[in-house]
Amino acid sequence: MCGIVGYIGDKQAYPILIKGLQRLEYRGYDSAGIALLNKQTVLYKQKGKVSDLEAHISGRTTDGTIGIGHTRWATHGEPNNVNAHPHSSFNNKFIVIHNGIIENYSMLKTKLIKRGYKFSSETDTEVLANLIEFIYLTGKVTAELAVRLALSKVVGAYGLVVMCKDEPDKLIAARKGSPLVIGVGQGEYFIASDATPIVEYTKSVIYLNDDDVAVIKKDELKLKTIDNEDLTPKIQELDLDIGEIDKMGFDHFMLKEIYEQPKAISDTFRGRVRKDHSDIHLGGLHEVWDDLEKARRIIIIACGTSWHAGLVGEYLFEEFARVPVEVEYSSEFRYRKPIIFSDDVVIAISQSGETADTLAAIRIAKEAGAKVLGICNVVGASIPRETDAGVYTHAGPEIGVASTKAFTAQVTVLTMMALKLANKKNKISDDKFSSLINELTLIPEKIEIALKANKEIERIAALYKDSTNALYLGRGFLFPVALEGALKLKEISYIHAEGYPAAEMKHGPIALIDEQMPIIIAATKDSSYEKIVSNIQEVKARKGIVIAVVTEGDETIKGMADHVIEVPEAPEHLAPLLTVIPLQLLSYHVAVMRGCNVDQPRNLAKSVTVE
Ligand code: F6R
């Protein structure tokens, strides 16, 4: 949530910062700003997209080899030019960009007002800038000490970068709860809230830990704790290619990422599934299989799309490994005083690895003594660092705000985990295990086939793009797919959509059905096929419009539905990986036709680092 970028070196900072902000825009996009430190320091801010900021700056001075930039997702104060970052302190000594929330900002603000400080914005960040300045001026201390002392008074989360006009040879960066990465170049450093703005300049990076403070000059980096203990920076090699963060000829990142799913899934099981399909090796879980085998229960915690993947996980673990599973929204779990046993295993699922509610839920589970595992896409993010063990999805960077390939990669990991656990617990024979693994490895090519329906899906989208409501139905393994399809539609096209287990329709939603209402039904051939066919008839009897996702060659549903979209045949536990593809494409095309900003839907941000 919000994107931070900073540069210090010999190059002109502005082009690096503006490009960095464009790369980070998926994290927040209601306003943006840049500050450049020079003989004459300049600060530009603009409501709207990074392109609006660029237009605003065009023709103005952009000289300077040190600078910071920010793209905002509003928490305190509405999106406007004043609340946009960077924020200058009252006496103009400091300029600050900040991600996260300063929870005690109101108390700090009142104290600063009493000391004569005036505020121009409604943000907690301006309070931080003024607090640093107040300590700097009254304590007559260095900028670095002022930052560390100020942070010791702050309650909340931050990833921040500070410039001090009196000390124009450095940037000061600090992290608590909101990620920061430092790129190490030759006589230059880059700072960002994730590696996407850095990768084209250097692959050597340092991930800051909570309570780290970095004092960065162009040819020197000092890392310490907030309490002034020296730390040795750990330089790591970035596993990211510039091609992965480009649209590569697609109109939108979302479409590119939908099409990347065969590869994302193959990459996720590559090297983990034995060539002869006799075993699955998940290195990150090596130490915890024992805990999984003995687990009294598995609790899955996640938010949004990752929560939907978790629901598929519940069905998989219960069906194959015969272990009870509960799937919880992280935000509920963390506050509702759940009962957690020390022999529970908790699995946290998160694409970004930074979701604040999921991180908080992990901490609660750990305190209760449970083993906590992570399934995460972003390498080095907070969740994989805080969990006891885990598995990375290898989906590659997901830039579109609507999650697509992360979902199918998460389901792939959950499938591998459930099958391996089932085999270890002797719930499935070696032969069955091997044939189930074989089926999983066929999924990427089946997705390639499912993607061929794109043109037909676009045609269907054109017919229903002006709908105001949509209902998504599915049973069994396809119920989470119904939820996911509805979420995709509402988040990028702003059409109200709901997902339901198909049988629940009779308990309320059936009242909504009329001739205008598209009902999207995931209805591939599985153990509840006959029942879903009856549900389709119930919808048709009430004149609802049925768009059904069916197994190739299904003539029965073809005879009843208004439209069918075919996917290849697969065992029912793998059907979510196929049936979700047409639903992603349908949402995509509807959103494009409605003129919505597909990659950056309103009010959303990619990584939700505030609760
Ligand atoms: C929906 C979407 C969100 C995320 C949710 C969790 O398309 O992207 O619902 O799934 O914010 O994010 P992660 O997986 O990063 O924890």
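The values are calculated or read from the model by the stated rules, or taken from the named source; none is laboratory data. These numbers come from a predicted model, not from an experiment. Here Cβ is always computed from backbone atoms with ideal geometry, including for glycine, and neighbour counts include all displayed protein chains. Only protein heavy atoms, including side chains, enter the accessible area calculation; ligands, DNA and RNA are left aside. Shrake-Rupley method; radii C 1.70, N 1.55, O 1.52, S 1.80 Å.
When every residue of the range 335-345 is checked against the conditions, none turns out to be more than 10 Å from the ligand (Cβ to nearest atom), among the polar types (S, T, N, Q) and within 22 Å of the chain's Cα centre (by Cα). When 137, 160 are checked against the criterion of being in the same structural domain as residue 176 (by TED's automatic domain parsing) and in contact with a helix residue (DSSP H, G or I) (Cβ under 8 Å, 6 or more places away or on another chain), a single residue qualifies: 160. Confirm whether residue 155 is under 30 Å from the mean Cα position of the chain (by Cα) and surrounded by fewer than 24 Cβ atoms within 10 Å (Cβ to Cβ). For residue 155, the condition - under 30 Å from the mean Cα position of the chain (by Cα) and surrounded by fewer than 24 Cβ atoms within 10 Å (Cβ to Cβ) - is met. Here residue 291 meets the list (1) outside any strand (DSSP E or B); (2) within 16 Å of the ligand (Cβ to nearest atom) almost entirely, failing just condition (2). Selection over the range 347-389 of residues that are within 15 Å of the ligand (Cβ to nearest atom) and assigned to a strand (DSSP E or B) gives a count of 9.
Any residue that is open to solvent by less than 50 Å² (accessible area, probe 1.4 Å), under 21 Å from residue 393 (Cβ atoms) and more than 16 Å from the ligand (Cβ to nearest atom) - is there at least one of those in the range 452-475? Checked against the condition, which is being open to solvent by less than 50 Å² (accessible area, probe 1.4 Å), under 21 Å from residue 393 (Cβ atoms) and more than 16 Å from the ligand (Cβ to nearest atom), the range 452-475 yields no hits at all.
Filtering 239, 251, 210, 166 for residues that are in contact with a Ser or Thr (Cβ under 9 Å, 6 or more places away or on another chain) and assigned to a loop (DSSP other than H, G, I, E, B) leaves a single hit, 210. Considering only residues of the range 556-611 that are within 16 Å of the ligand (Cβ to nearest atom) and among the acidic types (Asp, Glu), which is most open to solvent (accessible area, probe 1.4 Å)? Among residues in the range 556-611 that are within 16 Å of the ligand (Cβ to nearest atom) and among the acidic types (Asp, Glu), the one most open to solvent (accessible area, probe 1.4 Å) is 611.
Scanning the range 213-236 for residues that are of a type in the set (A, V, I, L, M), touching a residue at least 40 places away in the same chain (Cβ under 8 Å) and part of a strand (DSSP E or B) yields a count of 4. Taking the range 50-68 as the range and being out of contact with any Asp or Glu (no Cβ under 7 Å at 6 or more places or on another chain), of a type outside the set (Ser, Thr, Tyr) and closer than 30 Å to residue 604 by Cβ as the test, the residues that pass are 52, 53, 54, 55, 56, 57, 67, 68.
No other residue among 145, 128, 149, 53 is crowded, with 23+ Cβ neighbours inside 10 Å and out of contact with any His (no Cβ under 8 Å at 6 or more places or on another chain) apart from 53.
All of (1) within 13 Å of the ligand (Cβ to nearest atom); (2) open to solvent by less than 20 Å² (accessible area, probe 1.4 Å) hold for residue 421 with one exception: (1). Mind checking whether some residue in the range 59-73 is surrounded by 24 or more Cβ atoms within 10 Å (Cβ to Cβ) and in contact with a Ser or Thr (Cβ under 8 Å, 6 or more places away or on another chain)? Yes, the range 59-73 contains a residue that is surrounded by 24 or more Cβ atoms within 10 Å (Cβ to Cβ) and in contact with a Ser or Thr (Cβ under 8 Å, 6 or more places away or on another chain). Of the set (1) more than 16 Å from the ligand (Cβ to nearest atom); (2) under 24 Å from residue 592 (Cα atoms); (3) among the hydrophobic types (A, V, I, L, M, F, W, C); (4) part of a helix (DSSP H, G or I), all apply to residue 481 but (1).
When the range 497-526 is filtered for residues that are more than 18 Å from residue 589 (Cα to Cα), within 16 Å of the ligand (Cβ to nearest atom) and open to solvent by less than 40 Å² (accessible area, probe 1.4 Å), only 499 remains.
Say whether the condition of being of a type in the set (Val, Ile, Thr), outside the structural domain of residue 399 (by TED's automatic domain parsing) and either surrounded by 17 or more Cβ atoms within 10 Å (Cβ to Cβ) or touching a residue at least 40 places away in the same chain (Cβ under 8 Å) (or both) is met by at least one residue in the range 267-274. No: the range 267-274 contains no residue that is of a type in the set (Val, Ile, Thr), outside the structural domain of residue 399 (by TED's automatic domain parsing) and either surrounded by 17 or more Cβ atoms within 10 Å (Cβ to Cβ) or touching a residue at least 40 places away in the same chain (Cβ under 8 Å) (or both).
For residues that are open to solvent by less than 10 Å² (accessible area, probe 1.4 Å) and among the small types (Gly, Ala, Ser), scanning just the range 403-418, find the one that is nearest to the ligand (Cβ to nearest atom).
It comes out as 406.
In this entry, residue 400 passes the filter for residues that are modelled with pLDDT under 95, open to solvent by less than 10 Å² (accessible area, probe 1.4 Å) and either near the ligand (Cβ under 9 Å from one of its atoms) or assigned to a loop (DSSP other than H, G, I, E, B) (or both).
Among the residues of the range 329-346, those identified as open to solvent by less than 40 Å² (accessible area, probe 1.4 Å) and either assigned to a loop (DSSP other than H, G, I, E, B) or among the acidic types (Asp, Glu) (or both) are 338, 340, 344.
Return yes when residue 433 is of a type in the set (Phe, Trp, Tyr), more than 15 Å from residue 378 (Cα to Cα) and part of a helix (DSSP H, G or I) and no when it is not. Answer is yes for this residue. From 326, 318, which residue is more than 16 Å from the ligand (Cβ to nearest atom), open to solvent by 20 Å² or more (accessible area, probe 1.4 Å) and in a strand (DSSP E or B)? Matching residue, one of 326, 318: 326.
Screening the candidates 386, 354 for the property of being of a type outside the set (S, T, N, Q), open to solvent by 10 Å² or more (accessible area, probe 1.4 Å), outside the structural domain of residue 569 (by TED's automatic domain parsing) and free of Cβ contacts under 8 Å to residues at least 60 places away in the same chain yields one hit, 386. Within the range 28-50, the set of residues being touching a strand residue (DSSP E or B) at 6+ places or on another chain (Cβ under 9 Å), open to solvent by 10 Å² or more (accessible area, probe 1.4 Å) and not hydroxyl-bearing (Ser, Thr, Tyr) comprises 30, 37, 38, 42, 43, 45, 46, 47, 48, 49.
From 529, 494, which residue is open to solvent by 10 Å² or more (accessible area, probe 1.4 Å) and in contact with a Cys (Cβ under 9 Å, 6 or more places away or on another chain)?
Details: 529 fails: in contact with a Cys (Cβ under 9 Å, 6 or more places away or on another chain).
None of the other options fit; the residue is 494.
Taking the stated definitions as given, is residue 309 within 16 Å of the ligand (Cβ to nearest atom), at pLDDT below 95 and buried (at least 16 other Cβ atoms within 10 Å of the Cβ)? Spelling it out, it is not the case that residue 309 is within 16 Å of the ligand (Cβ to nearest atom), at pLDDT below 95 and buried (at least 16 other Cβ atoms within 10 Å of the Cβ).
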